[in-house]
Amino acid sequence: MAIEFKAVSYEYSPNTPFAYVALKNINLSIQVGKITAIIGATGSGKSTLVQHLNALLIPTQGEVVVLDKTLYAHSKNTQLKALRQKVGLVFQFPEAQLFEETIEKDVGFGPKNFGVPPEEIKQRVIDSLKMVGLDETYLDLSPFELSGGQKRRVAIAGILAINPDVLVLDEPTAGLDPQGAQQMMALFVNLNRTYQKTILIVTHNMEQVLDYADDVVVMEKGEVVSQGKARAFFKDKELLDRLDIVAPPVVTLRDQLMGNGFTLSEDAFDLDTIAREIAREVGHE
Ligand SMILES: Nc1ncnc2c1ncn2[C@@H]1O[C@H](COP(=O)(O)OP(=O)(O)OP(=O)(O)O)[C@@H](O)[C@H]1O
Ligand SMILES: [Mg+2]
């Protein structure tokens, strides 16, 4: 099973004065079972890219392989419902799409739509709410009574309730407080480690990439300019400089310590590990 983009281009509103080529000849391979971060400046094409994964957008050129399904340009792509059940897409600011009168109905909308038996839906709704840190007392509330962060959780629960194999999240922590953002990232890691979900996260937060992602894809002006392991990416100073990406402070600390003669292991990418290794090196352990 694979997720692959093969020579994919995407043009918005072709043959109109608003025509805009947002993806240019994308070749990309995403590891199933991993957490992949997609980064790049605003307008670089991240949201356009991820909307291909559940066929919300179909390539103008090339093809996209998503698990057992291939989406082709210039072809009538059928059986998209099965794909959309396997690939859950959480939009940028998903809370804007809550619409039902209760949270139970909103989170249950996806499973209902995909034909999950009614008696199973409620349990799925409760389980999904629990995963995002909300208990059963929320079931009868209106989504509109919630705070922004809670609405975001409900919207994500609505996708989890479909039980997709691949979860695609477009800036899921944008606008959340630091603690809320960390809880959210911990949820995605748990979904990956415990339930083997493939996770793709669009983010502008380099700490999140370093701390949580296995792989990273960098977009620039509609093109993929780098793809590989997240740790290796942050070790490549030349590449970071060329892409104008500021590494998290812990990477700078690591570089400066090594530049000053300390030896740090390949795994020393967080403060605890760095502190422990330095203590050992200076004979305090
Ligand atoms: N519906 C649309 N019609 C025309 N052009 C669009 C449309 N949606 C996006 N674009 C253009 O395509 C380019 C890529 O947009 P996209 O939303 O994929 O970027 P992004 O990397 O997700 O940016 P951000 O970080 O701001 O969310 C932008 O230049 C944008 O203006
Ligand atoms: Mg976007």
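Every number here is computed from the coordinates shown, using simple stated rules; none is lab data. Predicted model only: the values in this text are computed from it and were never measured. Note that each Cβ is placed from the backbone with ideal geometry, even for glycine, and that neighbours are counted across all protein chains shown.
Where both bridge residues fall in the chain, DSSP classifies roughly 55% of the beta bridges as antiparallel.
The slack between residue 246 and residue 119, meaning 0.36 nm per residue of separation minus the straight C-alpha distance, is 40.7 nm. Between 0 and 90 degrees, the angle of helix 148-160 with respect to the longest Cα principal axis of the chain falls at about 70 degrees.
Please report the base-10 log of the normalised intensity I(q)/I(0) for the stretch 129-230, using a Debye sum with one equal scatterer per alpha carbon and no solvent, at each q in 0.16 (1/Å). For the stretch 129-230, the Cα-only Debye profile gives -0.75. Among the aspartates and glutamates, select those whose C-alpha is under 12 Å from the C-alpha of residue 86, and discard any that sit fewer than 8 residues away in the same chain. Answer for residue 86, where 12 Å is the Cα cut-off: 68, 165, listed by chain and number. Under 17 Å of direct C-alpha separation, and excluding same-chain neighbours fewer than eight residues apart, residue 235 reaches these aspartates and glutamates: 207, 211, 214, 215, 244, 255, 266, 267, 270. What is the angle, in °, between the Cα long axis of helix 118-131 and the longest principal axis of the Cα atoms in the chain? Nearest 10 is fine, range 0 to 90. Rounded to the nearest ten degrees, it is 20. Between 76, 46, 151, the residue with the greatest mean-square fluctuation in the GNM of the chain (Cα pairs under 10 Å linked by springs) is 76. Approximating the spin labels as points 7 Å out from Cα along Cα→Cβ, the residue 236-to-residue 32 distance works out to 2.6 nm.
Helix 271-281 and the longest principal axis of the Cα set of the chain meet at an angle near 20°. Among 153, 254, 242, the largest mean-square fluctuation in a Gaussian network model of the chain, built with springs joining Cα atoms closer than 10 Å, belongs to 242.
Taking the chain as a Gaussian network of alpha-carbon nodes connected by springs under 10 Å, the highest mean-square fluctuation of the residues 42, 263, 198 belongs to 263. Count Lys and Arg as plus one, Asp and Glu as minus one, and take only other residues whose Cβ is under 11 Å from that of residue 127; the net charge is then +1. At q = 0.11 Å⁻¹ the log10 of I(q)/I(0) for the stretch 178-279 amounts to -0.39, computed by Debye summation with a single uniform scatterer per C-alpha, solvent ignored. In angstrom, the C-alpha Rg and Dmax of the stretch 66-166 are 14.5, 48. Here the Kirkwood formula, the inverse mean of 1/r across different C-alpha pairs, assigns the chain a hydrodynamic radius of 20.4 Å. Per-residue ellipticity at 222 nm from helix content only, as computed over the chain with -39500 (n - 2.57) for each DSSP H run of at least four residues, stands at -11500 deg cm²/dmol.
Taking all C-alpha pairs of the stretch 17-68, those more than 14 Å from each other amount to 59 percent. Computed extension length for residue 12-residue 255: 83.3 nm, one decimal, from 0.36 nm per residue of separation with the Cα-Cα distance subtracted.
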